[in-house]
Amino acid sequence: MDLVGKLASQKAVVIFSKSSCCMSHAIKRLFYEQGVSPAIYELDEDYSRGKDMEWALMRLGCNPSVPAVFIGGKFVGSANTVMTLHLNGSLKKLLKDAGAIWL
C-alpha cells in the first residue's frame, strides 16, 4: 500500500495499468489526447511488485484493479469515473489544479 501511495504522488497524473487491458489503453489514450504525460505503471510487466500493487489497489476499492487513476496524488477512480469526469467537463479542472496541463 505504501508503494502505491508513493508512486501515485510522484507525478501529477499516475495510471496503474495492465498492457493487455483495453480499458487501460483507452484511459491512457484519453490523457495523451488531453496533452497530459502521465506516469504509467504496467502491473503485468512489473514481476517483482506488480501483484502486490494490484492487491493494494483492490484494497483501495479498485474493482477491477486497473485502470486506476491518481491525479494530484489522490485516487480519482477507474475508467468509468474518469470517463464521467471527462464527459461532464470536470476532468480538465482536476488536471489544471494538479499542474498536469496549463491551458
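The values are calculated or read from the model by the stated rules, or taken from the named source; none is laboratory data. What you see is a predicted model, and the numbers here were worked out from it, not measured in a lab. Heads up, the Cβs are rebuilt from the backbone with ideal geometry, glycines too, and the neighbour counts pull from every protein chain shown. Side chains are part of the model used for accessible areas, which takes the heavy atoms of the whole protein and leaves out ligands, DNA and RNA. Shrake-Rupley method; radii C 1.70, N 1.55, O 1.52, S 1.80 Å.
The table below gives the values:
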| quantity | calculated |
| --- | --- |
| Some residue of segment 32-39 being in a helix (DSSP H, G or I) and more than 10 Å from residue 13 (Cβ to Cβ) | yes |
| Test result for residue 94, open to solvent by 100 Å² or more (accessible area, probe 1.4 Å), on the phi < 0 side of the Ramachandran plot, assigned to a helix (DSSP H, G or I) and free of Cβ contacts under 8 Å to residues at least 40 places away in the same chain | no |
| Members of segment 1-31 found to be of a type outside the set (Phe, Trp, Tyr) and assigned to a strand (DSSP E or B), listed by number | 13, 14, 15, 17 |
| Filter pass, residue 26 being at pLDDT 95 or above and under 9 Å from residue 15 (Cα atoms) | no |
| Segment 4-46, subset open to solvent by 60 Å² or more (accessible area, probe 1.4 Å) and either touching a Leu at 6+ places or on another chain (Cβ under 6 Å) or hydrophobic (A, V, I, L, M, F, W, C) (or both), residue nearest to residue 91 (Cα to Cα) | 23 |
| Output for segment 57-77, where each listed residue is open to solvent by less than 30 Å² (accessible area, probe 1.4 Å) and assigned to a loop (DSSP other than H, G, I, E, B) | 62, 65, 66, 67 |
